[in-house]
1. Over the heavy atoms of His98, what accessible area does a 1.4 Å probe trace out, to the nearest 10 Å²?
2. Could you pull out every one of the aspartates and glutamates with an alpha carbon less than 13 Å from that of Lys49, ignoring same-chain neighbours closer than 8 positions?
3. Roughly speaking, what is the stretch gain from Met159 to Thr17, that is 0.36 nm per residue apart minus the C-alpha to C-alpha distance, in nm to one decimal?
4. Once label points are set 7 Å from the Cα along Cα→Cβ at both Thr181 and Glu78, what is their separation, rounded to one decimal in nm?
5. Note down the nm distance, to one decimal, between modelled labels 7 Å out along Cα→Cβ at His58 and at Ser148.
6. Could you check the simple spin-label distance between Met197 and Asp106, using points 7 Å along Cα→Cβ, in nm with one decimal?
Amino acid sequence: LPVGFSILSAFADALLTCGKYRYAIALLDSLLHHAEVRGGSQEYIAAMKRLVEVSLDHGDMTHARAYVSQLVTLLIAEKRISEAMYLLEMLSNLAMDHGFFRESLDYLNSAICLSEPTTRNVGMLQVGSKTTKAAKHRIPRIDTRYLSLETRKIEILMMARSYEDALKLLTALLQLGPSKTQLPKLCFLSAEIHYKMGAFSACLQACDDFL
């Protein structure tokens, strides 16, 4: 990266240390536009990633949404899919921390859409989905990354106290035929959901399945 970029980026760090977030984000934004004018892809992505990092660290959802959207588009164009998925997961976590549960789920669904072909073939499970059985026949097991994202969605639904939606999504996952190593996590979630719903008999049954 150019020396000037590094110097201005360091100056932005100094502003952040002094609690001058508004000035720092403005400086970083100017770096982004400068990189765009120069036409340097590496410099532009570095500036964008810095903006995303700073805005996320300071809970600035307004800027974070805009920057992540742009950066994800850039990373996809350069076939850097894992980085794009990681950013979407980070933004999902931030949205959840601020109580924006539906928005948090949307970011996770976007991450699932970017996942590997075997994961995409399973399909993005939605509450009340009618494609679960067909998906089960296409893929004999659940992709690990896919399972991680979907179980995260269940956890967010539980935090939002949408227990029925969480249970429907969990049921759809179980119908996909999880492996023996994947099943305990799902059984534990089942027990937790039923406990919070006051369905104690079902909770004990889920615990028995877990053991």
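The values are calculated or read from the model by the stated rules, or taken from the named source; none is laboratory data. This one's a predicted model, so the numbers in the text were calculated from it and none came from an experiment. Reconstructed Cβ throughout: ideal geometry from the backbone, glycine too, with neighbour counts over all protein chains shown. These area figures cover heavy atoms from the full protein model, side chains too; ligands, DNA and RNA do not enter into them. Shrake-Rupley method; radii C 1.70, N 1.55, O 1.52, S 1.80 Å.
1. The accessible area comes out at roughly 90 Å².
2. Those aspartates and glutamates meeting the cut-off are Asp29, Asp57, Glu83.
3. Numbers: separation 142, 0.36 × 142 = 51.12 nm, distance 3.34 nm.
Gain on stretching Met159 to Thr17: 47.8 nm.
4. 3.2 nm
5. 3.0 nm
6. For Met197 paired with Asp106, the spin-label model returns 2.7 nm.
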